[in-house]
Amino acid sequence: MARGRSTSKRVRAPRQLTFDDIPRWGGRRKGAGRKAGPRPRVRHRTRPEHAYYHPSHVTLRAVSGLPSFRQQVVYKAVEGAVRKTRERREDFAIVEFSVQDDHLHALVEADDKASFTRGMRTFIALAVRALKRVLRRKGPIMGDRYHRRDLTSPKQVRIGLVYVLANHKKHYRATSGAPRIDPFSTAPWFEGWVHVRKPPDEPRPGREAGTHLLRSLWKRHGLIHPGEAPRTG
């Protein structure tokens, strides 16, 4: 009779495991998680309450790889979204804003936190729709949730005004020959310059300031000279 191969398996003796032998899939691990990009993302924390008498500085960034927003047709799309937001919302207002290559800055007023959130949603939806049309793009436009900083003193508001209206000088290191009044912003309509300027014939895109801080109290620290630039430190 032919001898066949045995089908029995050798049984290993059990071994006592230690905690170091147990595989782990959860918890904190070095190098785990989403890798940081070239700039930090806005953390998804619960936003603080908003007081109607405090204007806010808002920054909204675009996804990478888009053409510069500082083209006339692209800027006009953003300006149109600001104008439509003004028409649609009574509890929210974009007072001043500027458009940079890949992000927007704005000084915003709102009745409360809920009004702020609804107003920003309205503006972002209108802006994205207009930008997709002029850029002929189907993919995403805005790359992150907006950053909000409430301004609670006249000095903070004045700093915020210079930062928003003269932000192009920060990015382009504008010196002689560069425009002092940024045409891709509400600077041509701004009435807080040290010298009186004739505004454009068309109405301003945003609403007139409603808070005392943004309307007048910031002037305690002096009107703004067109040559001023945002602080870099």
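Bear in mind these aren't lab numbers, they're just calculated from the coordinates by the rules spelled out. All values derive from a computational prediction rather than experimental measurement. Every residue, glycine among them, receives a Cβ derived from its backbone with ideal geometry; neighbour counts consider all protein chains shown.
Annotations for the structure displayed:
- Modelled FRET efficiency - R0 30 Å, R220 with K170, Cβ distances, 0.05 increments: 0.75
- Segment 105-193: C-alpha pair distances exceeding 22 Å, %: 45
- For segment 56-221, a simple Cβ point-charge model (Lys and Arg +1, Asp and Glu -1, everything else neutral) yields a dipole of about 380 debye relative to the Cα centre.
- Ranked by how many other beta carbons lie within 10 Å on average, peptides 116-126, 137-147 from highest: 116-126, 137-147
- Overall Cα dimensions of segment 56-221 - principal axes, largest extent first, Å: 47, 43, 29
- As a proxy for reagent exposure, ranking D182, D112 by other Cβ atoms within 10 Å from fewest up yields D112, D182.
- Legend: ranking of residues L135, L60 from fewest to most surrounding C-beta atoms inside 10 Å; resulting order L135, L60.
- Positive minus negative residues near Y53 (Lys, Arg vs Asp, Glu; Cβ under 12 Å): -3
- Computed FRET value (nearest 0.05) for R121 with H212, which takes r as the C-beta separation and R₀ as 35 Å: 0.85
- Stretchable slack from R137 to A114, in nm (0.36 nm times residue separation minus alpha-carbon distance): 5.2 nm
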